[in-house]
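Colleague: Please read through the structure below; I'll follow up with questions.
Values quoted throughout were computed directly from the atomic coordinates according to the rules given, and no laboratory measurement underlies them. Computed from a prediction, not measured in an experiment: that's the story for all the values here. We place every Cβ from the backbone using ideal geometry, glycine too, and count neighbours over all the protein chains shown.
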């Protein structure tokens, strides 16, 4: 093991700190009640909760209330709260949000993913908001895709690459504002983030480290936005993770939908990884031969970027993964949903992972 | 109108010859009984029937028997019969097939689409078969995709482009063998076919002239193989059609699947256009401002390539399209299927076309 990790590995166990997931959809109602307790089950005790609810979290008070609801469902988990960038997010509201302990603001371009109908068309109109965020040391989280526009040649395959100029411009105009490019899926995005300054970070999901376009074509449970792309793009994501680059870290973008919404004539976008997240990452990192980079990716790098206290398996209670061919459940029940017998299907449904979390 | 078309257009009517569809899946059993009569309903009276049945049509006798079954269902339609390239297709069997009136042999690379499990891995092993086909003036139809292989960087987005070297090589080695690159979806394929000799033709589907990757992501009824790609690819398909290039012609690749097979957790690949084919094409060609190229694309070009008699609206009974906002049915019943109430959903389901076929 390298020096900057507290992880202890043997042939059959891995001991490491509880992980941090810097991008997660915990939903509302019955789905929230189902998936929020699964955060800890997946090996995570710090989670950044996305604000694209119905209605979206557009005020400090709404985010604070949401945080309280989540905390009741998972008392051991630290929730990082976010707001949905929108015209009501004035500099005054940003000041209030910062004073309320809200960490980040999420920008969705209009129409690119689930509940992005309220999304942004012109970023320039938010420059006063970004200035206030920079002044308050808040983080700007970007869903980095341009809306598709066939006339301009933009489709879901190049929407991320086409967005990168916007990222460069924002970073140039707000060099002290911490910006996270969320769920990078392309080599172009990896190279862009690498080229920028220390205030620009990048999350990578678990599933984008596994799948390519071939895996979501004809497999709606692998369909998400941004879509997984070429093998060369997946290679670039894996390489930057294997290199241990400190500005790349885990943001699962775990996004549960009821099975019915995934298997209809218009499957919803989103891959659900919350309950298996850290065993999934350990399985992959072992396969890639970079278990020494696991702790950095799932904890240290993101916590440093978000200016959270360092935790490690020495200064805090660790988790232990044990080698055990553990079958991922086919589906999880969602109790209390309108449609009886509704379930949510996880990534790797019915398949085996190499590691599981040891429960006491 | 230009001189080489017999089409007569007015504001509200188009009179043109019955069309030819040089790539169509007519299936077996209940689905065959449902869709075969729809060929004529869609404005087509010559149709090349694909051999990827279960089991595939691997002998002359099987193809002849299939042709008889189809003819019973649609007596006015001329069926062009095909064989599935496989190791039993010896030069002797090719001679027999040619003598039986079978026109073409279809090559599927292993594993690329519906019922391609019997597909080809190494084309060189079929060179004696190709020689016999060339000697018998038969046509080789190619599903032009390399199987996906992440190690080689091949995925469904570049599988067609990666195949083009194989097309070039086959054409070089068998310059007199007529070869059709089926269902082109990329600019690269269009440019490749343009660059080759007169013995290389190319079919384009109706749906690939409409959709891009954005339309099948999260919309299983638009999912087919090869997948629709970038807007720039669709532009290239439209441009070659608008140019009236004589070696590009309609092969719908209409591929019906029961609705249940399209909306499960692994939607089958295929778009169903048979019952609306010519009204669909007329609607598009009018939008593209190239109605003068419609007859070439849906009849003359393909018939010349396949060495079929010229038909036009003077020397044969024509069809008449009338301008009428005609709603495409949401779905068609498939009677006699094992699952009760099964349907098949057409392209443009529930949407309006600008033209419909005048029935007497």
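Colleague: Principal axis extents for region B:316-360, Cα atoms only, whole Å, descending order, please.
Modeller: The Cα atoms of region B:316-360 stretch 40, 27, 15 Å along their principal axes.
Colleague: Expressed in nm², what is the orientationally averaged projection area of the convex hull enclosing the Cα positions of region B:1-149? All intermediate terms of the calculation are to be shown ahead of the outcome.
Modeller: Working: hull surface 46.0 nm².
Mean orientational projected area (region B:1-149, Cα hull): 11.5 nm².
Colleague: For region A:161-263, what value does the Rg/Rh ratio take when both radii are computed over Cα atoms and Rh is the Kirkwood radius, given to two decimals?
Modeller: Reported Rg/Rh (Cα atoms, Kirkwood Rh): 1.00.
Colleague: Ok, one more. Please report the relative contact order for chain B, taking Cα pairs under 8 Å with a sequence separation of at least 6, and give it as a percent rounded to a whole number. Let's see the in-between values first.
Modeller: On the way: 773 pairs, mean separation 71.3, N = 360.
Over chain B, the number comes to 20 percent.
Colleague: What is the spread of the Cα atoms of region A:194-333 along each of their three principal axes, largest first, in whole Å?
Modeller: 48, 37, 27
Colleague: In whole Å, what are the Cα extents of chain A along the three principal axes, biggest one first?
Modeller: For chain A, the Cα spread along each principal axis is 53, 50, 42 Å.
Colleague: Here's something else I'd like to know. Quick one: Cα centre-to-centre distance for region A:29-99 and region A:120-185, in angstrom?
Modeller: 21
Colleague: Just need the relative contact order of region A:40-171 here, percent rounded to a whole number, with Cα pairs under 8 Å and 6+ apart. Don't jump to the answer; show the numbers that get you there.
Modeller: Details: 202 pairs, mean separation 27.1, N = 132.
21 percent.
Colleague: Still on this model: Please report how far the C-alpha centroid of region B:312-346 lies from that of region A:241-318, rounded to the nearest whole angstrom.
Modeller: One Cα centre to the other: 49 Å.
Colleague: Where does each of B:163, A:22 land when they are ranked from fewest to most other beta-carbon atoms within 10 angstrom? Before the final figure, lay out each step's value.
Modeller: On the way: B:163 25, A:22 28.
With the sparsest Cβ surroundings first, the list reads B:163, A:22.
Colleague: Over 14 Å apart: what share of the alpha carbon pairs of region A:32-90 falls there, rounded to a whole percent? Walk me through the numbers on the way to the answer.
Modeller: On the way: 919 of 1711 pairs.
Pairs farther apart than 14 Å: 54 percent.
Colleague: Tell me, B:234, B:128 in order of fewest to most beta-carbon neighbours within 10 Å? Numbers along the way, then the final one.
Modeller: Numbers: B:234 23, B:128 12.
Fewest to most other Cβ atoms nearby, the residues stand as B:128, B:234.
Colleague: For region A:225-281, report the convex hull volume of the alpha-carbon atoms normalised per residue, in Å³, without decimals. Numbers along the way, then the final one.
Modeller: Numbers: hull volume 5.9 nm³, N = 57.
So the per-residue Cα hull volume is 103 Å³.
Colleague: One decimal, nm, shortest first: give the distances between the label point of residue A:152 and those of the same position in the other copies, each label point 7 Å from Cα along Cα→Cβ.
Modeller: List, nearest first: 3.7 nm.
Colleague: Between residue B:100 and the same site in the other copies, what are the distances in nm, shortest first, taking label points 7 Å from Cα along the C-beta direction?
Modeller: 7.5
Colleague: Using alpha-carbon pairs under 8 Å, 6+ residues apart, how would you state the relative contact order of region A:174-273 in percent?
Modeller: Values: 165 pairs, mean separation 31.7, N = 100.
After rounding, I find 32 percent.
Colleague: Give me the compactness ratio for region B:142-203, meaning the Cα radius of gyration over 2.2 N^0.38 Å. Before the final figure, lay out the partial values.
Modeller: On the way: Rg = 11.5 Å, N = 62, 2.2 N^0.38 = 10.6 Å.
After normalising by residue count via 2.2 N^0.38 Å, the value is 1.09.
Colleague: Normalised radius of gyration for region B:1-77, please: alpha carbon Rg relative to 2.2 N^0.38 Å, two decimal places. Before the final figure, lay out each step's value.
Modeller: Numbers: Rg = 15.6 Å, N = 77, 2.2 N^0.38 = 11.5 Å.
Computed over Cα atoms of region B:1-77, the ratio equals 1.36.
Colleague: List the equivalent ellipsoid semi-axes of the protein assembly as shown in whole Å, largest first, each obtained as the square root of 5λ for an eigenvalue λ of the Cα gyration tensor.
Modeller: Numbers: eigenvalues 548, 151, 110 Å².
Values for the protein assembly as shown, descending: 52, 28, 23 Å.
Colleague: Order the peptides A:285-294, B:320-329 from the highest to the lowest mean number of other Cβ atoms within 10 Å of their residues.
Modeller: On the way: A:285-294: 17.9, B:320-329: 15.9.
Ranked by mean Cβ neighbours within 10 Å, highest first: A:285-294, B:320-329.
Colleague: Also, quick follow-up: Given only helices, namely DSSP H runs of n ≥ 4 each adding -39500 (n - 2.57), what is the per-residue ellipticity at 222 nm of chain B, to the nearest 500 deg cm²/dmol?
Modeller: Details: 12 runs with 104 residues, N = 360.
Calculated mean residue ellipticity at 222 nm is -8000 deg cm²/dmol.
Colleague: Just the Cα atoms of region B:276-360, one point each, no solvent: what log10 I(q)/I(0) does Debye give at q = 0.23 Å⁻¹?
Modeller: The calculated log intensity ratios at q = 0.23 Å⁻¹ are -1.11.
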